[in-house]
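The values are calculated or read from the model by the stated rules, or taken from the named source; none is laboratory data. Keep in mind that this is a model prediction, so the values were computed, not measured. FYI the Cβ positions are ideal-geometry reconstructions off the backbone, even for glycines, and counts take in every protein chain you see. Remember, those area values only see protein heavy atoms, side chains included, never the ligands or the DNA or RNA. Shrake-Rupley method; radii C 1.70, N 1.55, O 1.52, S 1.80 Å.
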Amino acid sequence: MNRTSIRRWTCALALLAALGSPSLFAQLETRAAHDARLQWWRDARFGLFIHWGLYAVPAGEWNGKTNYGEWIRNNAHIPLPVYDKFLSQFNPVKFNADEWVRMAKAAGMKYIVITSKHHDGFALFNSQVSDFDVMATPFKRDILKELAEACRKAGGIRLCFYHSIMDWHHPDYLPRRDWETDRPAAGANFDRYIQYMKAQLKELITSYGPLGVLWFDGEWENTWTEAYGRDLYRYVRGLQPDIIINNRVGASRSGMEGFSQDKESAGDFGTPEQTIPATGVPGLDWETCMTMNDNWGYNSRDKAFKPVRTMLRMLADIASKGGNYLLNVGPTAEGVFPPESVERLREIGAWMAVNGESIYGTQSSPFKKLDWGRSTQKAIEGGARLYLHVFDWPADGRLVVPGIFNAPKKAYLLSDAKKSALSVARQEDSLIISLPAAAPDANDSVVVLDVAGKIDVAKQPVPDAALVR
Ligand code: FHN
């Protein structure tokens, strides 16, 4: 967007903010402008989620129980004065923003979404409107500023913020936790809380460089409404017109499957959590967020880390349905990633270094189902390039691509720098690709198949009608 169009946008947004018309706001952005705004994110396909804050200090343990995560204050019923004591213990002296960004980039991730404020209300940045922030800890460094600088220096990776609408600390947030008998709600003013939240969002959007995504969360309590969400969407876009905002800004997300219930709801993409939709929906933007183990925030005892094979195949599955994969790390109170996360990011990066082309900038599979794996695709001159993600390498060396009527142009292993041609034969409505005996990758071997003309397959994926956006 050039300066003139941004100025026009900003004036239009200011007018719309005054008019308060969500549908007019949405109508104002043409489909082409919407697509241009989301393009980098759609092409990225893969990002790093980071849940980090005071909850890393107890590391999942409280009063002898060890199965807590970032919800420890609520789930362990820790009174505010007791929880606030973690401020004096949060001193992540091993934190190195450049190292975090290096690991994310090396893993093939194109954006980082980090918790600027989770439900506990603690700001991981230097906030002028709150004393419950990182400057009130012994660390006294603006973590988000250092990450913004590290992303700028490294290039090729966008910084994004997760910001919780729900706030268990601010006196004006309602409702209180039902077990909090020591924090009466008298005098609390929710609209005043919204002004506070907007003030922190303005700090985040205007002081840390251009952001990629504002990833809202904690929108499910009965005080938050779709109207508040649409106002917040307009407010954030007014501060940075080309920012992308998830659908948790509003109040119409239908549970963990993460899609909104109507097309008019605020937000640019759906947010399935710990789950992958059965199908994608052409033209529908969504991102599955997922933990590597069982917790978002650091739990020192949680060793239930997913195998790399599982996460690589999830990445291929999600991309084959046209979605993004936001994979989480919960850093320790010392400011480092758990070693199990570091190792998995490294191994995922090794696969992405060879096969990233089959993920980045791809579109969803043209096939309804492939018994041996998944497919992604890209348009090429005069036809289409299919990336065949082979999970189960055929023992007989024959890869059957079913129900495709296009003429084959070329096939080769993506891992083969020479792109040595593999033989392709037609057998009725299938194409048979002859493969070498050994699979190039134990988890997901990618075979490239270029075909002539517009993709013509027998059984297209049947979009899940329940998915709205
Ligand atoms: O309550 C949060 C949870 O702590 C975590 O942040 C996830 C990640 O998206 N979102 C909420 C649970 O749906």
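Per-residue surface analysis assigns PHE259 an accessible area of about 0 Å², computed on protein heavy atoms at 1.4 Å probe radius. The DSSP beta bridges internal to the chain are antiparallel in roughly 55% of cases.
Note that region 433-441 has calculated 3J(HN,Hα) couplings of 9, 8, 10, x, 5, 9, 6, x, 9 Hz, one per residue in order, obtained from phi through the Karplus relation 6.51 cos²θ - 1.76 cosθ + 1.60 (θ = phi - 60°); glycine and proline are x. Under the convention that each Lys and Arg Cβ holds +1 and each Asp and Glu Cβ holds -1, the size of the dipole of region 135-259 around its Cα centre is about 480 debye. Using R0 = 25 Å, the C-beta based FRET efficiency linking LYS65 and PHE139 works out to 0.40.
Pairwise Cα distances in region 382-422 exceed 16 Å for 46 percent of all pairs.
On the chain, 53 percent of the accessible area sits on carbon and sulfur atoms, based on a 1.4 Å probe. Here the peptides 77-86, 161-170 are ranked by packing, the mean other Cβ count within 10 Å, and the order with the highest first is 161-170, 77-86.
Ignoring lysines fewer than eight residues from LYS409 along the same chain, the ones with Cα atoms less than 27 angstrom from its Cα are LYS321, LYS368, LYS369, LYS378, LYS418, LYS419, LYS454, LYS459. Three principal axis extents of region 3-358 based on alpha-carbon atoms, in descending order, are 57, 55, 38 Å.
Dipole magnitude for the chain: about 1160 debye, using +1 per Lys or Arg Cβ and -1 per Asp or Glu Cβ, origin at the Cα centre. Of the residues ALA106, ASN246, GLN261, the one whose Cα sits farthest toward the positive end of the charge dipole of the chain, with +1 on the Cβ of Lys and Arg and -1 on the Cβ of Asp and Glu, is ALA106. What figure, in Å² to the nearest 10, do you get for the accessible area of TYR173 with a 1.4 Å probe and non-protein molecules left out? TYR173 has an accessible surface of roughly 10 Å² with all protein chains in place.
Just to confirm, what accessible area per residue do you get for the chain at 1.4 Å probe, in whole Å²?
Values: 19060 Å² over 469 residues.
Accessible surface, normalised per residue, equals 41 Å².
Remark: accessible surface ordering of MET256, MET103 (largest first) is MET256, MET103, probe radius 1.4 Å. Each Lys and Arg adds +1 at its Cβ and each Asp and Glu adds -1 at its Cβ; summed about the Cα centre, region 373-452 shows a dipole of about 280 debye.
The DSSP beta bridges internal to region 160-319 are antiparallel in roughly 10% of cases.
Here's the list of lysines a cross-link from LYS85 could span, going by alpha-carbon distance under 18 Å and ignoring same-chain residues fewer than 8 apart: LYS117, LYS140. Rounded to whole Å, the principal axis extents of the Cα atoms in region 373-452 read 32, 27, 21, largest first.
Seen through its C-alpha gyration tensor, with square-root eigenvalues sorted a ≥ b ≥ c, region 142-212 comes out prolate because a/c lies at 1.5 or above while a/b is bigger than b/c.
Between region 118-193 and region 61-88, the alpha-carbon centres lie 17 Å apart. Placing unit charges on the Cβ atoms of the charged side chains and taking the dipole of region 373-452 about its Cα centre, the candidate lying farthest along the positive direction among ALA438, ILE380, VAL451 is ILE380.
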